[in-house]
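First up is the structure itself, then whatever we jot down about it.
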Amino acid sequence: MATGYLDILRARHALRLLTGTLVGRLPNATAAIALVLFVRAEGGSYSLAGALAAVYGVANAVGQPVLGRLVDLYGQPRVQLPAAVLAALAMTLFAFSGTSPLPLAYAAVAAAGLFTPPLEGGLRALWPSVLGREEQVHTAYAMDAIAQEVMFTAGPLLVTLCVTLWDERAALLALNLLGVLGALSVVVSPPSRAWRSAPREAHWLGALRSPGLLVLLAAFLFVGIALGSITVASVSYADGHGGDAVYGWLMAGVGLGALAGGTVYGARAWGGAPERRLRVLVALLAVCYLPLMLTPGPVAMVLLSVVAGVFLAPCIACAFIIVDRHAPSGTVTEAFSWLVTTFTVGASVGTGLAGPVVQAGGTLWGFALPGAAGAVSLLVLLATGRVLAAPARGGIVAASSENDPNRAAEPRFSSGDRA
């Protein structure tokens with residue numbers, strides 16, 4: 001199983017790009033908990049902390065596809081590094097100004113979210129040019145999904161460590177400094193400097209003019225809702241079964257399941273169309289959410305949370321392949337960024353929906369929401385099967401293309417374009 005992953009990591013520049021991207025994304029992965037801890041240390045309320053975290057999340061959801069489009073137009077170094085520096089400066093301003101005056105705090109947090117560089121989408125755009133075979137790219141997508149689970153599990157622990165060693169302000173500053181260094185490591189690498197997007201047709205919708213991509217985004221909105229609702233339902237469960245420690249184990253269980261599922265999924269080559277495979281994976285994801293409604297004792301519940309997470313990373317990895325197949329020519333970074341944004345928005349919606357559901361019907365109905373959202377995601381994929389069955393090939397590029405004066409072919413295996 002490890003051979004395929006080791007082959008990828010041994011490829012020239014691969015480990016550097018993966019590590020730099022993960023480090024560069026630390027400010028984004030830890031923003032929610034870092035903001036809450038800092039605001040509480042400043043004497044602010046949980047409501048204010050939640051509001052600032054929400055502003056950061058919304059601004060980030062807006063900024064990712066916008067910056068992704070700029071990367072496609074102007075290249076990675078010109079966009080990723082300046083964006084990382086601006087995001088870090090905005091969070092530094094917030095760290096030193098605190099929560100007063102309040103408008104400045106909101107503006108600084110919003111700017112930090114808005115300018116967060118789309119390193120995640122940028123890495124996936126680079127894999128085809130770094131790796132030699134299509135099956136290696138698919139394995140890299142799975143490894144990417146696994147690494148995300150590790151980062152989102154280890155990130156909060158890193159915040160806690162920084163707070164313990166120094167304080168909440170130092171944690172904010174250190175994480176954002178690491179973010180800039182990670183982005184710098186990526187953009188000065190030869191693959192990032194050499195990468196050019198394919199010529200693109202001038203169109204204000206950009207990547208969103210692909211029907212297949214729209215279908216995928218709609219499906220993953222509900223996958224995000226499922227994941228977001230689990231967090232709230234788990235809080236409700238933990239309140240009656242041991243408190244914060246149980247909640248932490250439940251969330252760790254979901255992450256562990258995703259880590260295991262993604263590792264197994266990426267260790268072999270899969271035949272057939274990824275669109276058809278995604279329908280199977282989403283169906284299994286929805287089914288594995290249902291046992292959570294049993295709400296047994298804490299030990300059994302943690303085991304069920306592991307099962308609930310098993311098919312999450314495989315779904316994400318498979319979605320990466322489909323994004324590449326359906327993204328219009330010259331929009332691959334923007335398309336990947338839209339997937340990130342949609343998933344993030346879905347998780348926020350799920351968190352918002354689960355609160356009233358738990359309040360009205362209790363924990364059991366809170367855990368019914370992930371299964372229902374997974375089922376809706378599957379229905380979207382089934383109802384739009386014909387759209388997903390016809391991958392976009394980029395169409396005809398307008399004579400006055402927006403970018404890439406050298407007309408460099410974007411290295412996408414699915415489209416037949418190779419560097």
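Checking each residue in the stretch 308-344 for being outside any helix (DSSP H, G or I), within 15 Å of A207 (Cβ to Cβ) and not polar (S, T, N, Q) picks out A327, P328, G330. Is it the case, given these coordinates, that A170 is free of Cβ contacts under 8 Å to residues at least 60 places away in the same chain, in contact with a helix residue (DSSP H, G or I) (Cβ under 7 Å, 6 or more places away or on another chain), part of a helix (DSSP H, G or I) and closer than 20 Å to A112 by Cα? Here the answer is yes, as A170 does meet what is asked. Entry remark, the stretch 149-164: residues being open to solvent by 20 Å² or more (accessible area, probe 1.4 Å) and either of a type outside the set (A, V, I, L, M) or modelled with pLDDT of 90 or more (or both) number 6 in total.
Determine whether T92 is more than 20 Å from I316 (Cα to Cα), open to solvent by 10 Å² or more (accessible area, probe 1.4 Å) and in a loop (DSSP other than H, G, I, E, B). Here the answer is no, as T92 does not meet what is asked. Within the stretch 1-47, the set of residues being of a type in the set (S, T, Y) and open to solvent by 20 Å² or more (accessible area, probe 1.4 Å) comprises T3, Y5, T19, S45, Y46, S47. Any chance the stretch 226-235 includes a residue that's assigned to a helix (DSSP H, G or I), at pLDDT 95 or above and under 26 Å from A111 (Cβ atoms)? Looking through the stretch 226-235, none of the residues is assigned to a helix (DSSP H, G or I), at pLDDT 95 or above and under 26 Å from A111 (Cβ atoms). Checked against the criterion of being open to solvent by 40 Å² or more (accessible area, probe 1.4 Å) and touching a Gly at 6+ places or on another chain (Cβ under 7 Å), the candidates L285, L205, L227, L177 yield just one match: L227. Filtering A87, A112, A125 for residues that are buried (at least 22 other Cβ atoms within 10 Å of the Cβ), modelled with pLDDT of 95 or more, under 25 Å from the mean Cα position of the chain (by Cα) and under 18 Å from R69 (Cα atoms) leaves a single hit, A87.
Could you list, in sequence order, all residues of the stretch 232-282 that are open to solvent by 50 Å² or more (accessible area, probe 1.4 Å) and among the β-branched types (V, I, T)? Hits for the stretch 232-282 are V235, V264, V280.
The values are calculated or read from the model by the stated rules, or taken from the named source; none is laboratory data. Since the structure is predicted, the reported quantities are computational estimates derived from the model, not experimental observations. When we count neighbours, we look across all protein chains shown, and the Cβ atoms used for this are built from the backbone with ideal geometry, even at glycine. To get the accessible areas, we keep the full protein, side chains included, count just its heavy atoms, and leave off ligands, DNA and RNA. Shrake-Rupley method; radii C 1.70, N 1.55, O 1.52, S 1.80 Å.
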